[in-house]
Amino acid sequence: TYSLSHGQIQTIAQGPDSTFNQLLFRTPGVSEDSAGEVHFRQEDPYFQYYIDGVLLPRAINGYAQEIDTHFVESILLKVGALPAQYAWGNYGIVSVQSKTGADLAGGELSLYGGSHDTVHASTAIGGTRGKTDYYFTTGFVANNLGIENPTPDTEAIHDRTRQFHGLGYVSRRLSDTGTVSLILSASHADFQIPNSPDQVSEIEFAGQAAGFPVANSRELDENQTEQSYYAIATYRQTRDGLSFQIAQVNRYSGVLFRPDVNGDLYFNGVASRVFRDILTSGVQADFSDQAGGHTIRGGLLFNVAGARDHNRVSVFAAEDDDVDPVTGKPVAKNPPFTITDGHFKRGYDSTLYLQDEWKAANRLTVNLGGRFDRVDAYVHESQVSPRISAVYETENGTKWHAGFARYFIPPPLENVSPTSVGQFDDTTNAADQDRDDPVRCERSSYFDAGFTRNFSPHWELGLDAYYKRARNQIDDGQFGAANINSPYNYAAATIYGVELALSYTHGPFAAYANGAASDGWARNIVSSQFEFDEDELAYIANHNIPLDQTQLYTASAGASYAWQQTTLHGDLLYGNGMRKGDDNRDKLPAYYPVNLGLEHRIPFGRSGIATLRLDVVNVFDQSYVLNDGT
């Protein structure tokens with residue numbers, strides 16, 4: 001478990017005005033990919049959010065962030081061989097504790113801005129009235145660098161974004177031991193897709209298509225709109241060692257990609273207007289009971305989701321033999337036409353768990369449990385998953401831990417319809433082959449061991465090692481113009497690594513350093529094969545290849561010093577480069593951006609505080625590549 005307190009968030013580059021994912025990159029073993037994607041221990045970004053102890057259903061991935069940092073009081077990250085209470089935990093658990101009205105007790109207004117025409121405005125109001133606690137916040141973000149710049153220039157081309165966030169939280173005590181709460185969240189984001197100049201068409205034009213208008217890649221106009229809304233209603237009660245909560249959760253997310261039709265047809269031979277959305281409703285119930293040195297926990301979860309996928313795809317006709325003998329490009333001989341491709345699927349997730357945490361000896365705590373998971377969607381699968389872990393504390397305060405967990409990960413519901421592929425045969429959007437086996441549930445065995453040690457009141461060290469073997473390892477990739485990743489399975493995969501966390505605090509000075517070394521290999525793609533070329537599939541079927549999100553070394557470090565009302569802070573990230581190229585056999589260059597900041601607080605009135613903040617992000621103006629599209 002790794003934690004980020006409210007004070008630590010303030011000393012990270014841009015603090016509460018940073019994206020939420022930037023907070024995660026300052027923790028051990030978390031690496032950054034294009035579009036701000038987060039990888040825990042070389043896994044794809046399918047980690048789970050818990051908001052105030054309630055699991056938030058998955059949303060469609062895109063460019064927007066799931067959580068507004070201004071809403072966050074603290075974060076707990078959980079990785080490894082987790083107890084049975086955590087479903088789908090091997091991709092990581094992000095547990096967010098929200099701010100409350102009691103924390104704010106008034107109002108807050110923030111205006112932040114800088115390079116790339118950045119403006120970030122936010123407001124918050126909160127407090128308590130009798131037994132009611134309330135907190136409301138809104139935010140607006142706009143800048144000219146909404147998505148990573150695909151060119152080495154300082155300013156991106158066609159990369160404006162506008163994002164709106166709103167959140168409300170109300171909680172009321174019904175008795176001395178019971179509380180009911182409601183969280184409502186809404187977000188809307190518009191992104192221009194940045195352009196790369198001097199691109200060359202992948203299509204040759206002849207016949208009736210010879211006069212198709214030539215496009216300039218600098219002037220393309222692709223856009224993506226993303227929406228996300230959720231509501232969480234929760235009842236909690238604690239009495240005589242027995243605690244329970246029941247929550248009802250509703251979540252909607254949608255993504256609309258609008259192409260530059262003529263431009264996309266000219267360069268790629270296909271222009272896709274893509275709309276996907278998913279609506280999930282679910283019930284979660286959890287309890288814990290403490291008695292006789294034992295803590296018994298159990299619970300259930302049931303989600304029902306409906307996912308839609310509607311695409312309007314413009315293509316040229318292109319028979320298999322319509323290929324230019326010199327360039328190898330497909331030849332378009334007739335004007336483009338449109339294919340409509342859409343589907344709807346309803347899916348069900350259901351889980352049960354039970355576990356017992358007890359003091360097996362004076363210094364030994366053991367947690368033994370299991371869970372049952374079932375998914376009914378494109379596939380119908382289930383699994384019983386045992387979990388066991390132990391913590392032993394020595395006389396000098398060192399805590400040794402070790403654990404084993406079986407995991408069962410259902411594929412995202414919004415995957416590709418099995419009936420879609422053949423519609424594009426004999427067009428410029430044809431797959432190399434039509435195999436499209438369904439994406440199956442990932443099943444893995446996970447081992448984790450390590451220790452934490454306080455060497456003094458000021459120093460803390462943590463070391464953790466892990467090893468995972470998986471069948472039907474879920475991976476994903478962006479196979480079209482829209483930033484909506486599609487999943488597929490490797491028949492087998494192995495992921496292993498080690499993480500180090502070091503922290504120091506002494507009076508006004510605090511510092512941390514995190515490091516991780518890890519590797520991941522997989523073999524034989526066994527679903528959604530149409531997304532890949534036949535030669536590539538054949539190679540991967542007989543060779544272990546690195547996972548595309550593998551970054552062998554990842555690190556982060558930071559320090560802050562507070563003097564009276566002023567705090568100086570700085571941090572850096574390091575990555576030795578994600579995989580690239582054919583079969584992920586090459587890697588990108590290393591990167592190590594450095595950030596510096598200053599914050600000064602000015603008291604005024606009876607209890608008011610004005611905070612002035614200055615951040616310099618990427619002090620040395622390092623140009624680096626997170627993902628080059630291969």
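Here the contact order of segment 329-397, divided by its residue count and restricted to Cα pairs under 8 Å and six or more residues apart, works out to 27 percent. Candidates Gly80, Tyr169, Ile60 compared by Cα position along the dipole of segment 30-181: farthest toward the positive end lies Tyr169, with charges placed on Cβ. Taking only the Cα atoms of segment 113-183, the radius of gyration and Dmax are 19.4, 60 Å.
For the chain, excluding the exposed loop sites themselves (trypsin sites (Lys or Arg not before Pro), DSSP loop, at most 12 other Cβ atoms within 10 Å), the longest remaining stretch covers 132-584.
Would you mind telling me the share, in percent, of accessible area of segment 245-287 contributed by carbon and sulfur at probe 1.4 angstrom? About 61 percent, which is the carbon plus sulfur part of the accessible surface. Rounded to the nearest Å, what's the spacing between the alpha carbon centres of segment 224-285 and segment 512-568? Just the number, please. That distance is 25 Å.
So with the 1.4 Å probe, I'd like the accessible area per residue for segment 513-563, rounded to whole Å².
Solvent-accessible surface per residue comes out at 40 Å².
For the chain, the convex hull spanned by the alpha carbon atoms encloses 150 Å³ per residue.
Can you give me the Kirkwood hydrodynamic radius for segment 447-576, using every pair of distinct Cα atoms, in Å to one decimal? Answer for segment 447-576: a Kirkwood hydrodynamic radius of 17.9 Å. Between Leu111 and Trp400, the modelled label-to-label distance comes to 5.9 nm, taking each label 7 Å out from Cα in the direction of the beta carbon. Placing a label point 7 Å from the Cα of Asp426 along the Cα-to-Cβ direction, the residues of segment 327-368 whose backbone N falls under 19 Å from that point are 330-341.
Pairs from the list Lys468/Lys580; Lys78/Lys580; Lys359/Lys468; Lys359/Lys399 with a Cα-Cα gap above 25 Å: Lys78/Lys580; Lys359/Lys468. Placing +1 on each Lys and Arg Cβ and -1 on each Asp and Glu Cβ, with no other charges, gives segment 294-409 a dipole about its Cα centre of roughly 660 debye.
Just the protein heavy atoms count here, and of the accessible area of segment 544-615 at 1.4 Å, carbon and sulfur take up 59 percent. The residues of segment 215-304 expose, per residue, 43 Å² of accessible area to a 1.4 Å probe. Once you reduce segment 151-172 and segment 65-118 to the center of their Cα atoms, the two points are 16 Å from each other. Only alpha carbons enter this Debye calculation for segment 323-418, each as an equal point scatterer, and the log10 of I(q)/I(0) it gives at q = 0.11 Å⁻¹ is -0.62. Its alpha carbons considered, segment 114-263 gives a radius of gyration followed by a Dmax of 24.0, 82 Å. For segment 209-353, what is the Kirkwood estimate of the hydrodynamic radius, computed as the reciprocal of the mean inverse distance between distinct Cα atoms, to one decimal in Å? After inverting the pairwise mean of 1/r, the radius is 19.9 Å.
Loop exposure criterion: GluC sites (Glu not before Pro), DSSP state outside H, G, I, E and B, at most 15 other Cβ atoms within 10 Å. Applied to the chain, the longest stretch between such sites is 396-630.
Computed over segment 196-238, the convex hull of the alpha-carbon atoms projects to a mean area of 7.2 nm².
If you place +1 on the Cβ of every Lys and Arg, -1 on the Cβ of every Asp and Glu, and leave all else neutral, what size is the dipole of segment 499-587 about its Cα centre, to the nearest 20 Debye? Show your work: numbers first, answer last.
On the way: 5 positive and 12 negative charges, 116 e Å.
For segment 499-587, the charge dipole is close to 560 debye.
Farthest toward the dipole's positive end in segment 185-330, which of Val304, Phe316, Val326, given Cβ charges of +1 (Lys, Arg) and -1 (Asp, Glu) about the Cα centre? Value: Val304. Taking the protein heavy atoms of segment 72-229 in the context of the full set of protein chains, the accessible area attributed to carbon and sulfur is 51 percent at 1.4 Å. For segment 452-562, the relative contact order comes to 25 percent (Cα pairs under 8 Å, sequence separation of at least 6). In a reduced charge model with +1 at each Lys and Arg Cβ and -1 at each Asp and Glu Cβ, the chain shows a dipole moment near 3180 debye about its Cα centre.
Per-residue ellipticity at 222 nm from helix content only, as computed over the chain with -39500 (n - 2.57) for each DSSP H run of at least four residues, stands at -1000 deg cm²/dmol. Measuring max minus min along each principal axis, the C-alpha atoms of segment 549-611 give extents of 63, 18, 12 Å (largest first). Spin-label model, Phe604 to Ala590: label points 7 Å out along the Cα-to-beta-carbon direction sit 4.7 nm apart.
Remind me, relative contact order of segment 497-630 in percent, using alpha carbon pairs under 8 angstrom and six or more residues apart?
For segment 497-630, the relative contact order is 18 percent.
Take segment 373-512 with all the other protein chains still there, run a 1.4 Å probe, and you get 44 Å² of accessible area per residue.
The values are calculated or read from the model by the stated rules, or taken from the named source; none is laboratory data. All figures in this text were calculated on a predicted structure; none of them were measured in a lab. Cβ coordinates were reconstructed from backbone atoms using ideal geometry, including for glycine residues, and neighbour counts include every protein chain displayed. SASA here: full protein model, heavy atoms, side chains in, ligands and nucleic acids out. Shrake-Rupley method; radii C 1.70, N 1.55, O 1.52, S 1.80 Å.
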